[in-house]
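For reference, the structure discussed in these notes is given below.
The values are calculated or read from the model by the stated rules, or taken from the named source; none is laboratory data. All values reported here derive from a predicted model rather than from experimental measurement. Note that each Cβ is placed from the backbone with ideal geometry, even for glycine, and that neighbours are counted across all protein chains shown.
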Amino acid sequence: MDLDDLRTFDHIVREGSFSRAAWVQGVAQATVSARIQGLEREVGGALFTRGRKVALTQRGVSFLPYVRRALGVLQDGLDAARLASTGERGRLAVGALRSLSGAFLAPAVAQAYRQHPGVEIVVREGRHAEIVDALADGVVELGVICWPPADGHHPDLTPVLHLVEEVRPTLHPQHPLAAGETITVPDLLTDAQPLLLLRWWQVTPPELLTLAAQARDVADVPTDTGRHLLLDGLGVGFYPALVIQPELDTGRLVQRALDGRPPLTRRTALVHLSRRTLSAPATRFVDVLTAQAGTLRLRADVV
């Protein structure tokens with residue numbers, strides 16, 4: 001049983017005769033008859049009554065809806081394959097650091113869905129190493145990871161977009177250190193109450209470790225715990241704006257500059273496996289993320 005057999009069966013039903021089905025398909029009537037005979041051997045009996053008028057047997061009536069369903073599914077698959085080559089249909093899996101899966105990635109996903117609703121987008125968030133593993137295993141096609149990786153260069157990963165975020169002291173607007181636009185280092189060390197040593201970094205910068213070693217009070221806490229402490233008016237923590245964007249937008253938290261020192265930065269990149277050619281949906285998504293990075297002033301350069 002093959003697709004030509006099924007199509008021939010459907011044509012005979014639609015046209016009402018073997019000869020017209022042969023004409024529509026551009027084949028000899030003997031070919032049509034041979035195909036139906038092959039089908040009848042497969043299903044174990046006659047599908048049509050032969051005579052002046054061709055009609056389905058009860059076996060043929062039972063078989064018909066399944067044939068049409070199979071042909072319909074096949075056509076859907078062919079259409080999807082054609083559209084996938086242009087990026088109109090398909091699936092895109094993206095991995096991202098948890099701290100970038102919200103304010104950075106979510107607007108880009110929303111825009112991609114609006115522009116191409118036929119493309120399914122799957123977002124997986126995790127730590128740097130988890131995203132690298134997902135890229136290597138083919139679980140995701142694109143990944144936003146720390147760059148350059150602290151564990152060394154990955155020659156099998158190619159960056160297509162470099163991102164740089166400033167990391168500034170963050171605190172409650174009623175915290176005593178929020179009164180000015182800048183915070184001096186001595187005031188930070190004595191009045192942070194406490195200085196939060198947050199665990200969102202791939203590797204904590206030496207400058208921050210030095211401040212923590214000199215601070216009067218230090219709390220070593222996870223990222224979300226630190227956010228809640230800040231919302232309660234306790235402490236000062238160094239965050240990229242995107243991690244706490246909703247709180248900044250509503251004024252529940254504020255950021256200040258550290259007087260006399262350049263801001264800390266976090267560098268990340270959008271990468272893919274070097275040996276894999278990006279799909280059409282992935283290529284378009286890179287363009288959307290590049291525009292999003294420009295809007296947020298995160299874009300360092302495009303490779």
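Some points to look at:
- Hey, residue 221 surrounded by 14 or more Cβ atoms within 10 Å (Cβ to Cβ), under 21 Å from the mean Cα position of the chain (by Cα) and among the β-branched types (Val, Ile, Thr) or not: no
- Unique match (being closer than 21 Å to residue 123 by Cβ, in contact with a strand residue (DSSP E or B) (Cβ under 9 Å, 6 or more places away or on another chain), surrounded by 13 or more Cβ atoms within 10 Å (Cβ to Cβ) and not charged (D, E, K, R)) among 144, 164: 144
- Test result for residue 142, outside the structural domain of residue 199 (by TED's automatic domain parsing), under 23 Å from residue 199 (Cα atoms) and touching a helix residue (DSSP H, G or I) at 6+ places or on another chain (Cβ under 9 Å): no
- Selection count, the range 261-303, where residues are over 20 Å from residue 109 (Cα atoms) and in contact (Cβ under 8 Å) with a residue 24 or more places away in the chain: 13
- Flag if residue 202 is touching a Cys at 6+ places or on another chain (Cβ under 8 Å) and either surrounded by 15 or more Cβ atoms within 10 Å (Cβ to Cβ) or more than 30 Å from residue 120 (Cβ to Cβ) (or both): yes
- Number of the condition not met by residue 77 [criteria: (1) in a helix (DSSP H, G or I); (2) modelled with pLDDT of 90 or more; (3) over 14 Å from the mean Cα position of the chain (by Cα)]: (2)
- Residue, modelled with the highest pLDDT, within the range 261-297, restricted to residues that are among the charged types (D, E, K, R) and assigned to a helix (DSSP H, G or I): 287
- Of the strands (runs of 3 or more DSSP E) lying entirely inside the range 113-209, those carrying at least 2 residues that are over 26 Å from residue 249 (Cβ atoms) are 119-126, 142-146, 157-171.
- For residue 251: the one exception among (1) surrounded by 14 or more Cβ atoms within 10 Å (Cβ to Cβ); (2) over 28 Å from the mean Cα position of the chain (by Cα): (1)
- Residue, nearest to residue 182 (Cα to Cα), within the range 254-281, restricted to residues that are of a type in the set (Val, Ile, Thr) and within 29 Å of the chain's Cα centre (by Cα): 265
- Checking residue 95 against (1) at pLDDT below 90; (2) not in a helix (DSSP H, G or I), the condition it does not meet: (1)
- Residue 300 passes every criterion in (1) modelled with pLDDT of 90 or more; (2) over 21 Å from the mean Cα position of the chain (by Cα) apart from (1).
- Residue in the range 212-219 that is aliphatic (A, V, I, L, M), farther than 19 Å from residue 241 by Cα, without any contact (Cβ under 8 Å) to a residue 12 or more places away in the chain and part of a helix (DSSP H, G or I) present: yes
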